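The values are calculated or read from the model by the stated rules, or taken from the named source; none is laboratory data. Please read all numbers here as calculations on a predicted model, not as lab measurements. Glycine also receives a Cβ, built like all others from the backbone with ideal geometry; neighbour counts cover every protein chain displayed.
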């Protein structure tokens, strides 16, 4: 039973346009959500996060939206740049459990 | 800040031998470290969670006698793959979590293990 799902394995976007990456979860105990970015042969790096008490968090070109009733979150990147091309992982935390559950990742390709 | 290193970055070994991978938090104290394995279709599989000074908690399906984890200090955790076989070939990634940013994990650069 996969508790965090990223249903799109890949996404291709033109440079300058918006990239929207989606993530769904099933466990209502999750109370903190994170997005990580990963380049090939490297470890993931933290990008942006959101607490379950918020519905939006913005950091520069990156915005994460959380819809608790739908158990859905999304990452918006605007404008997209070729350097954003990477695998993006959604992660969900149950703070009491002390660990993150990751989705399978979405490979974003931003074309020049 | 919050840098995590892994050593070695790449290792090739013969079947039946054991391999040790080190994970270090360089500028913070890691109360908890996690070990992941990344499969070819890119998903990160959590193998185990280790807290400093205590035994690691392994995820279901992960053999604790095969993947030995030691977290002897607040800056170092090791993963030993014992009696490695070709199916153990994979990309192993550690992450560390301190007390300042409890919800966030800082990942190491990963170790590519190839078992011949």
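Right, residue B:28: touching a residue at least 24 places away in the same chain (Cβ under 8 Å), out of contact with any helix residue (DSSP H, G or I) (no Cβ under 8 Å at 6 or more places or on another chain), surrounded by 14 or more Cβ atoms within 10 Å (Cβ to Cβ) and not in a strand (DSSP E or B) or not?
Details: touching a residue at least 24 places away in the same chain (Cβ under 8 Å): yes; out of contact with any helix residue (DSSP H, G or I) (no Cβ under 8 Å at 6 or more places or on another chain): yes; surrounded by 14 or more Cβ atoms within 10 Å (Cβ to Cβ): yes; not in a strand (DSSP E or B): yes.
Here the answer is yes, as residue B:28 does meet what is asked.
Out of everything in the range A:65-112 that is within 11 Å of chain B (Cβ to nearest Cβ) and without any contact (Cβ under 8 Å) to a residue 24 or more places away in the chain, what residue ends up being farthest from the chain's Cα centre (by Cα)?
Result: A:98.
Name the single residue that is nearest to the other protein chains (Cβ to nearest Cβ) among those in the range B:2-20 being under 11 Å from residue B:111 (Cβ atoms) and part of a loop (DSSP other than H, G, I, E, B). Before the answer, list the steps.
From the range B:2-20, those under 11 Å from residue B:111 (Cβ atoms) are B:5-11, B:19-20; that's our starting set.
After this cut, where a residue has to be part of a loop (DSSP other than H, G, I, E, B) as well, the list is B:8-9.
Values: B:8: 13, B:9: 9 Å.
Ranking the qualifying residues of the range B:2-20, first place goes to B:9.
Going by the conditions given, is residue B:37 within 16 Å of residue A:100 (Cβ to Cβ), surrounded by 13 or more Cβ atoms within 10 Å (Cβ to Cβ), within 14 Å of chain A (Cβ to nearest Cβ) and modelled with pLDDT of 90 or more?
Working: within 16 Å of residue A:100 (Cβ to Cβ): yes; surrounded by 13 or more Cβ atoms within 10 Å (Cβ to Cβ): yes; within 14 Å of chain A (Cβ to nearest Cβ): yes; modelled with pLDDT of 90 or more: yes.
So residue B:37 passes the test.
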